[in-house]
Amino acid sequence: MKIGILGNGQLGQMLSDSVQDISDIDVSLYDLRAHSDEALDAFLASVERVSFETENIPAHIVARLESVADKLYPSLKALKTFQNRLLEKTALRAAGIDTADFCAVNSLDDLHAAVEQLGLPIVLKTTTEGYDGKGQYVLRSPADAEPAWAAIGGRELIAEAFVSFERETSVIASRDVNGNMVIWPMTENVHHEGILRYSLFPAADLSAEKAQQAERYIRQLADSLDYVGTITLELFDTANGLVANEVAPRVHNSGHWSIEGATTSQFRNHMLAIAGRALGDTTAKYPAVAMLNVISDETPAEKAATIGNAFRHSYGKEARPARKLGHVTVVAADVNERDNTIDQLADLIPAGVWQR
């Protein structure tokens, strides 16, 4: 079977790499940056299944996918839903999943009304694109409305009530064409300046009740859209339970640990799902695992080569500020060994962000 992936960045490459040992699955990557309608049409015609590494696909390309909707996984409906934060929040609520209160913002007057309706602080976001903290503005006083609108206004926005949370977590699952689903263990995720810096498994002191809530949420969400492939649900861990933050209709940075750390990676199960194959076991192979992002400079990641339980992945990208250049996975016999290893790699993490 020939599978085409829209996007040839690190996620597309890792998707391709994950099934290199399966002789009858052939993967082709399409460079969205070098797009022409003729090249895209030829690419789509050459493959039996189509998927994507990012939901940030330009509208004119999404429109051309209508003609191949029957071989697009996840579906065109899922892609369009999760491209837009308003549609996403509405879909989460419809699936019975708790979210922050929210409202649409299309003008400065709307923003003032949102402040009145939702209270302060609120998070103002662009409804499309925007990732790693881009396209966001936090309002802490009514006086912030005008600078917020000046910074990211002039387009459709969503205002979300601020959620008081103890930490950020994520749950990742793969669902096949028959509705069978496998779920990876949850991770605790630590961000700095809007960018994920590291993820930890196990998430410390995660109650069985919250783990079950996360599993229930992602099942409800995927089933509600007849979703096929890997899907990620980012969650705020609050005193009153889990609250959905955002959805990624794809493999996710917080699941990169699964390459070395789980029996089957998020990438391989995504490809197996869309190929119509049986999904693999998602059990963690080690009692403790961590994933550390390599941001802006790859030099600190070189130390991983001297550490037996650390695995370095370089994406081959040109260095620039705030850019993800790779990641390092740490596998360990217990949390103490994991954290000791992270101490050795602490130069990858901004000062004060890593806390044992």
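The values are calculated or read from the model by the stated rules, or taken from the named source; none is laboratory data. These numbers come from a predicted model, not from an experiment. Because the Cβ atoms are built from the backbone with ideal geometry, glycine has one as well, and the counts that use them run over all protein chains shown. Heads up: the accessible areas ignore ligands, DNA and RNA and are worked out on the full protein's heavy atoms, side chains in. Shrake-Rupley method; radii C 1.70, N 1.55, O 1.52, S 1.80 Å.
So here's what we get for this one:
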quantity: The lone exception for residue 97 - which of (1) among the aliphatic types (A, V, I, L, M); (2) part of a helix (DSSP H, G or I); (3) closer than 27 Å to residue 231 by Cα it fails; calculated: (2)
quantity: Residue that is surrounded by the fewest Cβ atoms within 10 Å (Cβ to Cβ), among those in segment 285-299 that are touching an Asp or Glu at 6+ places or on another chain (Cβ under 9 Å) and within 21 Å of residue 14 (Cβ to Cβ); calculated: 285
quantity: Output for segment 19-45, where each listed residue is more than 15 Å from residue 64 (Cα to Cα) and open to solvent by 20 Å² or more (accessible area, probe 1.4 Å); calculated: 20, 21, 22, 23, 24, 26, 27, 28, 29, 31, 33, 34
quantity: Residues satisfying the stated conditions in segment 122-140, i.e. farther than 22 Å from residue 59 by Cβ and open to solvent by 40 Å² or more (accessible area, probe 1.4 Å); calculated: 137, 138, 140
quantity: Count of segment 310-356 residues which are among the hydroxyl-bearing types (Ser, Thr, Tyr) and modelled with pLDDT under 95; calculated: 0
quantity: Lone unmet requirement of (1) under 15 Å from the mean Cα position of the chain (by Cα); (2) surrounded by 24 or more Cβ atoms within 10 Å (Cβ to Cβ) for residue 228; calculated: (1)
quantity: Enumeration of residues in segment 233-256 that are under 29 Å from residue 333 (Cβ atoms), open to solvent by 10 Å² or more (accessible area, probe 1.4 Å) and either aromatic (Phe, Trp, Tyr) or part of a loop (DSSP other than H, G, I, E, B) (or both); calculated: 252
quantity: Condition check for residue 236: of a type in the set (Phe, Trp, Tyr) and touching a Pro at 6+ places or on another chain (Cβ under 6 Å); calculated: no
quantity: Hey, residue 302 surrounded by 17 or more Cβ atoms within 10 Å (Cβ to Cβ) and among the acidic types (Asp, Glu) or not; calculated: no
quantity: Sole residue being touching a residue at least 24 places away in the same chain (Cβ under 8 Å) and farther than 19 Å from residue 174 by Cβ, chosen from 262, 290; calculated: 290
quantity: The lone exception for residue 193 - which of (1) at pLDDT below 95; (2) over 18 Å from the mean Cα position of the chain (by Cα); (3) surrounded by fewer than 18 Cβ atoms within 10 Å (Cβ to Cβ) it fails; calculated: (2)
quantity: Top-ranked residue in segment 23-67 [being among the hydrophobic types (A, V, I, L, M, F, W, C) and touching a residue at least 60 places away in the same chain (Cβ under 8 Å); ranked as farthest from residue 134 (Cα to Cα)]; calculated: 25
quantity: Residue list for segment 46-58, restricted to those being open to solvent by 30 Å² or more (accessible area, probe 1.4 Å) and in a strand (DSSP E or B); calculated: 49
quantity: Meets criteria (hydroxyl-bearing (Ser, Thr, Tyr) and either open to solvent by less than 20 Å² (accessible area, probe 1.4 Å) or part of a loop (DSSP other than H, G, I, E, B) (or both)) for residue 67; calculated: no
quantity: Subset of segment 192-213 (residues that are not small (Gly, Ala, Ser) and not in a loop (DSSP other than H, G, I, E, B)); calculated: 192, 195, 196, 197, 198, 200, 201, 209, 210, 212, 213
quantity: Top-ranked residue of segment 153-185 - restricted to ones that are in contact with a Gly (Cβ under 8 Å, 6 or more places away or on another chain), among the β-branched types (Val, Ile, Thr) and in a strand (DSSP E or B), ranked as least open to solvent (accessible area, probe 1.4 Å); calculated: 172
quantity: Segment 76-118: number of residues that are within 21 Å of the chain's Cα centre (by Cα), small (Gly, Ala, Ser) and buried (at least 17 other Cβ atoms within 10 Å of the Cβ); calculated: 4
quantity: Complete set of residues in segment 337-351 that are free of Cβ contacts under 8 Å to residues at least 24 places away in the same chain, part of a helix (DSSP H, G or I) and not charged (D, E, K, R); calculated: 340, 346
